[in-house]
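Asks: The structure is given below, and queries will be raised subsequently.
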């Protein structure tokens, strides 16, 4: 009996000691306190490509897969529109808002014109206008994590063509995995927004017959 009591007592001591060791979640590195990540939401599969097609009659569909040419097509609920989800990774609520950028541009051989052949809007229909560098912006109130959908709407008179949607500035080229500075897309005195390296050149919208 004494042997059993000793074993039970030892077990309780070990259990409570273990809990005491892990009962608090320590803060991370101070230099990372105001660093956030942005990415395309692809059902949490980092390597996926997102592809969209909008026909001249307004029918629209999308798919994701290991490349831009594979995957199962799914019809969208809204005609003429490609709805693209962007996700902010954040575990903090701050007293400031964070802003990230994205770019929409023609693939080689395409000549679609923003504002004439297509428009870019927020989910509520608010039309977005690119800045002088061709960047559109999304605002994240109090840096709260979540997903915002942007929409690319094809005009009925638009010709065929293909657009790339990117979280990296295409003028700066592809990010370098060994150089974190190339993943920064917005840096202010308050915060820093970084992108996932796998979110470069992986979202495409095509206008077809």
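Each reported figure results from applying straightforward, stated rules to the coordinates on display, with no laboratory input. The structure presented is a predicted model; accordingly, all values stated were derived computationally and were not measured. Positions of Cβ are generated from backbone atoms using ideal geometry, with glycine treated the same way; all protein chains shown enter the neighbour counts.
Asks: Could you please rank 167, 88, placing first whichever residue has the fewest other Cβ atoms within 10 Å of its Cβ?
Replies: 88, 167
Asks: Once you have all Cα-Cα distances for segment 73-161, histogram them in 5 Å bins from zero and send the whole-percent values.
Replies: P(r) for segment 73-161, in whole percents per bin: 3, 12, 21, 21, 19, 12, 7, 4, 1.
Asks: With 10 angstrom as the radius, rank 143, 178, 197 by how many other C-beta atoms surround their C-beta, starting from the fewest.
Replies: 178, 197, 143
Asks: Have a look at the DSSP beta bridges in segment 91-209 and tell me what percent are antiparallel, nearest 5.
Replies: Of those bridges, close to 95 percent are antiparallel.
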